[in-house]
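For reference, the structure discussed in these notes is given below.
A short reminder: the numbers here are calculations on the coordinates, not readings from a lab. As the structure is a prediction and not an experimental result, all values here were calculated from the model. Here Cβ is always computed from backbone atoms with ideal geometry, including for glycine, and neighbour counts include all displayed protein chains.
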Amino acid sequence: MSMSVSSPAPPSPSAVSTLITNSGAKSASEALALEIMHNLQHQHNWTGLKRHLVSVAAPSSGSSTPTTATGTSTGIVTVTVTVPVISGLPPQHSYIHPDLQAQLLKHGMSDAAVPVQREFVLPLSLAEKWSLARFCAVFDQLPERDVITVQATGSSSSSSSSSGSGSSAPSTAQRRPSANGQASAGPPPSNPAVYQHRDQKRVLLGMRAREGGGGDGTVVYYIMQEGEVKPRQNG
């Protein structure tokens, strides 16, 4: 008597695979952006997620995504490609500048007192090769970050927002463009108890590990900032 052996059913596609399939993504970069957005929403609880397209120049490599191509005097052909960038609101701060953190500690405030600003994420895979010029092109198209105003606790002047617990809370003031995008305390305010701070531009690199061959497709985020952040001295 022969026994029939039934073959196991194929595994069901993951939620990410289903999302990419139903989205009709036409390129690997579009699919990767959707995967990073899904990771931010469901693994890190980001809200208000949006996709943006920025244009960067890159040497021609036979990619199917370039929109225009130009030649140079050196004979190298450069193409303009569109790169997806994600923005959203994280549940907590991705980074607090040391100068701002020192002011918060000085006035007995926690990081949660500072309003969270929209962060930008650049989806990348480990197989991609990016030049410094391409990163600079992305930064050039990012908006300036908002000014954060910290009011000293117990000051006689009023703050634009209050925490409701009797102490003044930092507030996001009207955006003031910066000449160089560097973190700056800005001009001295009329009230010496007020401290103003603006971060330099930054982007989170959402890097996905390869799948298969020892990789598991893990997504890790690295912070890239414009300019330099001076290390804070001890003591």
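Kindly state, to the nearest 0.05, the FRET efficiency for residue 144 paired with residue 218, given R0 = 35 Å and r defined as their beta-carbon distance.
Details: r = 32 Å, r/R0 = 0.92.
The formula returns an efficiency of 0.60 here.
Could you pull out the pairs from 201/230; 50/129; 50/201 whose alpha carbons sit more than 21 Å apart here?
As for pairs spanning more than 21 Å Cα to Cα, those are 50/129.
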